[in-house]
Amino acid sequence: MNFRIFNILTAILLSMSAFSQKASDSLSTYQGQNLLQINGYQRILQNLEAVPNGMTFGGYAEVLYNQPESANGEIDVQRLILLFGYKFDDRTQFVTEVEFEHVKEVYIEQAFVNYALSNSLNVRAGLMLVPMGIINEYHEPTTFNGVERPSMDNKLVPTTWREIGMGLSGRSDALSLRYQAYIFNGFLSHNGSGGLIKGSNGFRSGRQKGAESVFRTPNLSMKLDFYGVNGLRLGLSGYFGKTQAANEVFDTSGSTVGMSMLGLDARYSYRRFTARGQYITSSIKDAFQYNQLTSKDLASSMAGYYIESAYNLLPITNRQRLFAFVRYENFDTHKSVPSNVVQNPSFHRKEITTGLSYHLAPGAVFKIDYQNKSTAIVDSNKGQINMGVGVWF
Amino acid sequence: MTSLITNFFIALMCLLHTPLDFDVSKLVQKRMQKEITKVFLCKDFDLEEVTGTPGFQFQNSTYLTDHQIYKINRSGELLGYAFLGSAPSKTDTFEYLILFDQNFIQKKAKIMVYREDYGGEISSNRWLSQFKDTTLGEKFVYGDNISAISGATISVKSMTHSINYVYSQLQRQLAVASR
């Protein structure tokens, strides 16, 4: 009897020790894997291995706090973007980004198919970003300094500017050149009941964002990027075309305007120092007729620039980076106006932004800055403190 | 305007119908032959795969997801080595080639296949030339002796890490093998 109990106990003990052995084995294997996991893109790769059918997941997000002088502050999940990609084969990919703005507004930021004709030439079609300046294409929070995007990339270049279209993109390795050329659906200037575009922020309210867009006249968008000098990247962008108008007003004079926008941008990086700058100019044809029809205050030209420099305060070999930066912006959405509009000095903005970007890891950043905003009106200075967290993975 | 769109589509259809060989391994082999011809100035070489043989036994890592190593011979004489590696870009992998002379001095680095749009700038011959004429003892530091490319940071770092890893592995393995 005792012998039998002893046997059973031994069996239980043996099985328990075997179990614990197995458990510690799997634990050490797990830790070993953990040591290998370092970066976001590596995790994505591991995800890709786990999902072998070509799915990609990613995203970026910005949670921001704006505190103007003597007014309420605003705390906002400004945007949360979820990226999904699917690779059908080595030539054919689909990329989409679903955007949540201020938690409750849902948009599609990108949704296009990319077909690689060769290593250096792609055909793309769908909802795509318009390549204009730096920020519209590279707007993930870890890629720029400052809590908020530069203001001219809101009022002058209506970031995030995306429309439905198709075209070509590619690069030349010998020339260190990237090129893009697309035909896009243009802005909507008149929706049948009133004009949408105006003096304070140009074309911003005319973006159709791929939602039941009105289309009659195609617009042409192009960009060249040159990166053949070490540390330097230069961009030249152009956008030419005409706005769209609802059927009931399309033939009415002034319901649509002709437009062109040109951009020059530069980004430079040398060791711990980085700098960037951008110049945008835009001219509008038939602004007089448009204002007459809609009683708006659209300008006949808009222009502006910003320059920014930053210095990484941490050693270059550190994984973390801490940039101290300063940016100066000067732009005018009423650079010149047709005779039926009075030039508004408050549309000529000057902003100085200075602060810190603390990159905790590649893909995660804490930001804080102070902005001084003024216009061409005397004593229009206003200060604002911003803080934010940003991620990109 | 309608005719412009029609023409655009016709041109596009023609492009899409061009028969293009896109078998990646075949494509890489073809491009590798071409680069060797350019660098070693000869066509009559043969390639001997030495992946996994003494001196070339190394593990893949997060920075090197796949690799192959070849000896480049010409009528029995060793001209140099060809290293094919895969490394991660933001959401995909890319293939690159490094050519060494017989003393493992780097003669050329080239991106063979880059699949993503994002970060494709690392294929720039100008940027890759920063690795030229380096020996296996060299250590590359992003932002220090390897310059940044704005808008391609992830791939620039990945390529830099990958080459560092390959150099250190080759150096160690060759030292062990020659002992």
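The values are calculated or read from the model by the stated rules, or taken from the named source; none is laboratory data. Computed from a prediction, not measured in an experiment: that's the story for all the values here. Note that each Cβ is placed from the backbone with ideal geometry, even for glycine, and that neighbours are counted across all protein chains shown. Just the protein is used for accessible areas: all its heavy atoms, side chains included, with ligands, DNA and RNA removed. Shrake-Rupley method; radii C 1.70, N 1.55, O 1.52, S 1.80 Å.
Worth pointing out:
- Amide proton proximity set for B:K107, modelled H, under 5 Å, gap of 5+: B:L99, B:F100, B:D101, B:D133
- Within the accessible surface of chain B, defined with a 1.4 Å probe on protein heavy atoms only, the carbon and sulfur portion equals 54 percent.
- A/B buried area, accessible surface, summed, 1.4 Å probe, Å²: 4200
- Chain B: DSSP helices with Cα axial extent of at least 18 Å and average Kyte-Doolittle hydropathy no lower than 1.0: B:2-17
- Phi to ³J(HN,Hα) by Karplus 6.51 cos²θ - 1.76 cosθ + 1.60 over the stretch A:301-313, Hz, x for Gly, Pro: 7, 9, 7, x, 8, 9, 10, 8, 9, 9, 9, 7, 7
- A:H102 sits among other residues whose Cβ lies under 12 Å from its own Cβ, and their net charge, with Lys and Arg +1 and Asp and Glu -1, is -4.
- Two-site FRET efficiency, B:D144 against B:N7, from Cβ-Cβ distance with R₀ of 60 Å, rounded to 0.05: 0.75
- Two-site FRET efficiency, B:N60 against A:L356, from Cβ-Cβ distance with R₀ of 30 Å, rounded to 0.05: 0.20
- Computed helical MRE - 222 nm, chain B, DSSP H runs ≥ 4 contributing -39500 (n - 2.57), nearest 500: -11500 deg cm²/dmol
- Residue-averaged beta-carbon neighbours from other chains (10 angstrom radius) around A:174-183: 3
- Label-point separation, A:M55 to A:K104 (7 Å along Cα→Cβ), nm: 3.1
- Taking the helices alone, chain A has a mean residue ellipticity at 222 nm of -5000 deg cm²/dmol, built from -39,500 (n - 2.57) per DSSP H run of at least 4 residues and averaged over all its residues.
- Peptide B:85-94 - average C-beta neighbours from other chains (10 Å radius): 5
- Taking 0.36 nm per residue of separation and subtracting the Cα-Cα distance, full extension of the segment from A:S200 to A:Y370 would add 58.9 nm.
- Loop-located GluC sites (Glu not before Pro) in the stretch A:153-258 whose Cβ has at most 14 other Cβ within 10 Å (DSSP): A:E212
- 14 Å reach of a label modelled at B:N103, 7 Å along Cα-to-Cβ, counting backbone N of the stretch B:66-94: B:80
- Per-residue mean of C-beta atoms belonging to partner chains within 10 Å, peptide B:140-151: 6
- Built amide H within the under 5 Å cut-off of B:I146, gap 5+: B:V141
- Base-10 log of normalised Debye intensity for chain A (one unit scatterer per alpha-carbon) at q = 0.07, 0.10, 0.13 Å⁻¹: -0.40, -0.75, -1.22
- Relative contact order [Cα under 8 Å, 6+ residues apart], chain A, whole percent: 13
- Viscosity 0.890 mPa s, temperature 25 °C, Stokes-Einstein D of the stretch A:120-254 from Kirkwood C-alpha radius, µm²/s: 152
- The trypsin sites (Lys or Arg not before Pro) of the stretch A:234-271 that DSSP puts in a loop, and whose beta carbon has at most 15 other beta carbons within 10 Å, are A:R271.
- Cα radius of gyration and Dmax for the stretch B:21-177 (Å): 14.9, 45
- The value of relative contact order for the stretch B:21-177, using C-alpha pairs under 8 Å at least six residues apart, is 20 percent.
- Average accessible surface for the protein assembly as shown: 46 Å² per residue, computed with a 1.4 Å probe over protein heavy atoms with every protein chain in place.
- Two-site FRET efficiency, A:E212 against A:I377, from Cβ-Cβ distance with R₀ of 35 Å, rounded to 0.05: 0.35
- Mean-position separation - Cα centroids, the stretch B:135-165 and the stretch A:338-393, in angstrom: 33
- In the stretch A:250-364, inverting the average of 1/r over every pair of distinct C-alpha atoms gives 16.9 Å as the Kirkwood radius.
- Burial of 40 Å² or greater, the stretch A:208-246 residues [accessible area, probe 1.4 Å, versus chain by itself]: A:P218, A:Y227, A:N230, A:R233
- Local electrostatic count, A:Y179, Cβ distance below 10 Å [Lys/Arg +1, Asp/Glu -1]: +2
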